[in-house]
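Single-structure report; data block below.
All of the numbers you see were taken from the coordinates with simple rules; none came from a lab. Please read these numbers as outputs of a predicted model, since none were measured by experiment. Reconstructed Cβ throughout: ideal geometry from the backbone, glycine too, with neighbour counts over all protein chains shown.
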Amino acid sequence: MPVQHARHQNLRKVLIQLEREGIEGYAEQAEHLGNVTAGKLAAMDQGAPIDVLFSEHVEWALHRRRGWMDELHEDDPLEA
């Protein structure tokens, strides 16, 4: 499913961004994002489905526009 592929790609980018900011490991990242447990975050990072509510929450928590999690962003210079 293309939306799930985009969500997984974007979740990985989000987790890398958090690591760069010193928020490392699923427990710290889950606490920072809120609305998710470390186990659920790990499962989603490893391929479990990412639901709409979590996607929208990530967009809100990280000040991304609505729908950002559902799109691929390879050509976006801000995503490097």
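Which net charge results for the neighbourhood of Met44, defined as the other residues with beta-carbon distances under 11 angstrom from its beta-carbon, given Lys and Arg at +1 and Asp and Glu at -1?
Working: positive: Arg7, Arg12, Lys40; negative: Asp45, Asp51.
Taking every other residue near Met44 into account, the sum is +1.
Magnitude of the charge dipole for the chain, about its Cα centre and with charges confined to Cβ atoms of Lys, Arg (+1) and Asp, Glu (-1), is about 160 debye.
Scanning the chain for DSSP H helices at least 20 Å long along the axis (C-alpha atoms) with a Kyte-Doolittle mean no lower than -1.0 picks out 2-20.
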